[in-house]
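Peer 1: For reference, the structure I am asking about is given below.
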Amino acid sequence: MFLKLNHQKLEAFSITRQFVLECYKLTNILPSDERFGMATQIRRAALSVYLNIAEGASRKSVAERKRYYEIARGSIIEIDAALDIANDLGYLSNYYTNKLGETMVSSFKLLSGLIISTSKN
């Protein structure tokens with residue numbers, strides 16, 4: 001917000017910001033009894049994606065940078081698995097998931113690209 005650093009120039013950073021916002025919107029429609037369960041877990045994992053990209057981009061070590069990007073990508077997979085359960089429980093039946101899905105897929109692809117490009121260094 002106040003610092004102007006290189007991670008803010010990454011497309012993955014801006015796309016995952018949208019992904020985090022979509023995850024937060026989704027968790028607002030989950031049943032109240034999921035407030036401290038699934039909703040909290042999805043929010044924590046979504047924020048982890050965004051924050052790990054920021055922190056990873058600041059690392060000087062290529063291996064460290066790659067590891068942060070891998071952790072971010074793992075959090076996307078975690079959210080996808082949680083959404084499988086939410087869908088099975090019928091929590092998503094009245095929620096338009098297209099934008100969430102699009103930002104998730106884009107985030108995953110961009111992170112995979114960062115991981116591959118980091119591996120080449």
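Peer 1: Quickly run through the range 43-73 and pick out the residues that are outside any helix (DSSP H, G or I), without any contact (Cβ under 8 Å) to a residue 40 or more places away in the chain and of a type in the set (G, A, S).
Peer 2: The one that is outside any helix (DSSP H, G or I), without any contact (Cβ under 8 Å) to a residue 40 or more places away in the chain and of a type in the set (G, A, S): S61.
Peer 1: Tell me which residues, restricted to the range 101-121, are among the small types (G, A, S) and over 21 Å from R44 (Cα atoms).
Peer 2: Result: G113, S117, S119.
Peer 1: Please determine whether any residue of the range 1-13 is of a type in the set (A, V, I, L, M, F, W, C), in contact with a Phe, Trp or Tyr (Cβ under 7 Å, 6 or more places away or on another chain) and in contact (Cβ under 8 Å) with a residue 60 or more places away in the chain.
Peer 2: no
Peer 1: If you don't mind, another one. Restricting to the range 14-42, name every residue that is crowded, with 17+ Cβ neighbours inside 10 Å, of a type in the set (A, V, I, L, M) and either without any contact (Cβ under 8 Å) to a residue 24 or more places away in the chain or not in a helix (DSSP H, G or I) (or both).
Peer 2: Selection gives L30, A39.
Peer 1: Look through the range 43-75, keep the residues that are among the hydrophobic types (A, V, I, L, M, F, W, C) and surrounded by 22 or more Cβ atoms within 10 Å (Cβ to Cβ), and return whichever of them is farthest from L92 (Cα to Cα).
Peer 2: Selected residue: I53.
Peer 1: What is the one condition in (1) in a helix (DSSP H, G or I); (2) touching a residue at least 24 places away in the same chain (Cβ under 8 Å); (3) loosely packed, with under 13 Cβ neighbours inside 10 Å; (4) among the polar types (S, T, N, Q) that S112 does not satisfy?
Peer 2: For S112, the exception is condition (3).
Peer 1: State yes or no: is A82 part of a helix (DSSP H, G or I) and touching a residue at least 12 places away in the same chain (Cβ under 8 Å)?
Peer 2: Spelling it out, A82 is indeed part of a helix (DSSP H, G or I) and touching a residue at least 12 places away in the same chain (Cβ under 8 Å).
Peer 1: Let me ask another. Let me spell it out: the conditions are (1) modelled with pLDDT of 95 or more; (2) over 16 Å from L51 (Cα atoms), and M104 meets all of them except one. Which number is the exception?
Peer 2: (2)
Peer 1: Being in contact (Cβ under 8 Å) with a residue 24 or more places away in the chain and within 20 Å of Y50 (Cβ to Cβ) is the filter here; which residues of the range 85-101 pass it?
Peer 2: Across the range 85-101, the qualifying residues are T97, K99, L100.
Peer 1: Further question: Any idea how many residues of the range 76-100 are within 17 Å of the chain's Cα centre (by Cα), surrounded by fewer than 14 Cβ atoms within 10 Å (Cβ to Cβ) and either more than 19 Å from R43 (Cβ to Cβ) or not hydrophobic (A, V, I, L, M, F, W, C) (or both)?
Peer 2: 2
Residue-by-condition table, conditions (1) closer than 30 Å to K120 by Cα; (2) of a type in the set (A, V, I, L, M):
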{"position": "D33", "(1), (2)": "no, no"}
{"position": "A54", "(1), (2)": "yes, yes"}
{"position": "G74", "(1), (2)": "yes, no"}
{"position": "L83", "(1), (2)": "no, yes"}
{"position": "N87", "(1), (2)": "no, no"}
{"position": "S93", "(1), (2)": "no, no"}
{"position": "V105", "(1), (2)": "yes, yes"}
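The values are calculated or read from the model by the stated rules, or taken from the named source; none is laboratory data. What you are looking at is a predicted structure, and each value in this text was computed from that prediction instead of being measured. FYI the Cβ positions are ideal-geometry reconstructions off the backbone, even for glycines, and counts take in every protein chain you see.
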